[in-house]
1. Under the √(5λ) rule applied to the eigenvalues of the Cα gyration tensor, what semi-axes describe the equivalent ellipsoid of the stretch 232-285? Give them in Å, descending.
2. About the Cα centre, and with charges only on the beta carbon of Lys, Arg (+1) and Asp, Glu (-1), how big is the dipole of the chain? Nearest 20 debye, please.
3. Compare the peptides 282-289, 80-87 by average per-residue count of other Cβ atoms within 10 angstrom and give them in order, highest first.
4. Among Ser391, Ser417, rank each residue by its count of other Cβ atoms within 10 Å, from fewest to most, as a rough exposure measure.
5. For the stretch 370-422, with equal point scatterers placed on the C-alpha atoms only and solvent neglected, what are the log10 I(q)/I(0) values from the Debye formula at q = 0.17, 0.29 1/Å, to two decimals?
6. State log₁₀ I(q)/I(0) for the stretch 85-224 at q = 0.09, 0.10, 0.16 Å⁻¹ as given by the Debye formula over alpha-carbon point scatterers of equal weight, solvent excluded.
7. Between Gln97 and Arg202, what FRET efficiency comes out of the Förster formula 1/(1 + (r/R0)^6) with R0 = 41 Å and r the beta carbon distance, rounded to 0.05?
8. Once the chain is represented by equal point scatterers at the alpha-carbon sites, with solvent omitted, what log10 I(q)/I(0) does the Debye formula produce at q = 0.12 Å⁻¹?
Amino acid sequence: MNPENEASPSRRDFLKTTTATGAATLLASGNYAFAQGTGKIKIGLIGCGGRGTGAAAQALNADPGVILTAVGDVFQSQIDGSLRALKGEAGIAERVQVAPDHSFVGLDAYLKVLQSGVDVVLLTAPPGFRPQHIKAAVDANKHIFAEKPMGTDAAGVHLALAAAREAKAKKLTFVSGFCWRYDYPRREFYRRILDGAIGQIRHVHATYLTSPVKPMPPASDRPASMGDVEWQLRNWYNFVWLSGDGLVEQACHSVDKVLWVMKDTPPLRCVGTGGRVMPNHQGNIYDHIDVFYEWADGTRATMAQRQIPSQHNDNSDYIAGSKGFGNIRGGSVEIVNEAGKWRYSGQQKNMYQVEHDEMYAAIRRGTPINDGERMARSSLAGIMGRMAAYSGQEITWEQMLKSQENLFPANLDWNMSLPIPPMSLPGKYTVS
């Protein structure tokens, strides 16, 4: 069963309200001269952290006609830091042309960026916001770069997938942040694997063993005047509704590569284990999750994810086939079979840059890219693994597709009370 076979459930009232009052009223300019290789391409950045700043720089480096004209974030300091960094980069600084009235702050900043006259948006805010940002951008007829994952729960991913399909119908480009799909060595590696270089796939083992991304500070660090929403947004990685947990936010790259070698066929079922070893104050994410996926033909994959300091790090992919092995360890990409050992020796280019090079080339040619289906499938497979670890239960792909889990707070408001749910525990977590 694939996600494209399922209907898309609605998000909560917050999304309904903001979309109805904002994005639904937006009109495309109808001027697509840039698609024929001429004219400027105006881009807007929504989410001005490190990844967003990097994506904006890569977009500006991808095409000399790209100009940054609008930015949005919930924090002014993020905007200031991002613009300062971009204006300090040689070769792109002169095309950072964000007027003061095109710098937007607040929970509705994304709508204001969409209304500012941009042609393309870069969606790099925390993943909990991704579904509503994708939907609003498609409603506004914008080309999209959307960072991974597609959302932090099934309801959000289905909403975003429906929008990505609409983008395809509108002939809008939709590029996902699953960047390894744009890496030259891995493209060649997986092409050879899928062409039978190691025979039938028997087992895949993927690791993402690393240190914490954004450790949660103690509650005593919180200023007395800071509300619940601001506190959680400033520490977004540590809350499931915003990040999806480490498996979904970070190790989803490895889950995506597991699906790549499985020809993007979703797993039939999975079980998982996980928990927390290191204190995380008020945060409610695990620091380790292991998932055991199974496909309809009996093929299995293991996914080992960990974010604990001062431990052995490993971010690798090990693929066992009936006629050999495929291994990715850091920058080493190799296949071992009866013919000997193959290692990639071709062109090398930063995969983050390749994403944007290919995106803007597609926009210029008028031949849209759409990564939506694949992005949804890999995001759901990651969420499926988290659900298995949180619940201690076997989770099937069918359950995943039918899940009504919706983590996004209803009627999100800057000044609302937003209690932090406790960390999920097997036996107490309800699979919905």
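Read-outs: derived from the displayed coordinates by stated rules, not from any lab. Since the structure is predicted, the reported quantities are computational estimates derived from the model, not experimental observations. In this analysis, Cβ positions are derived from the backbone assuming ideal geometry, glycine residues included, and neighbour counts consider all displayed protein chains.
1. Sorted largest first and rounded, they come to 27, 13, 9 Å.
2. 620 debye
3. Final packing ranking: 282-289, 80-87.
4. Ranked by crowding around the Cβ, least crowded first: Ser417, Ser391.
5. Debye curve over Cα of the stretch 370-422, log10 I(q)/I(0) at q = 0.17, 0.29 Å⁻¹: -0.72, -1.13.
6. One equal scatterer on each Cα of the stretch 85-224 leads to -0.44, -0.54, -1.11.
7. For Arg202 and Gln97, the calculated efficiency is 0.15.
8. -1.01
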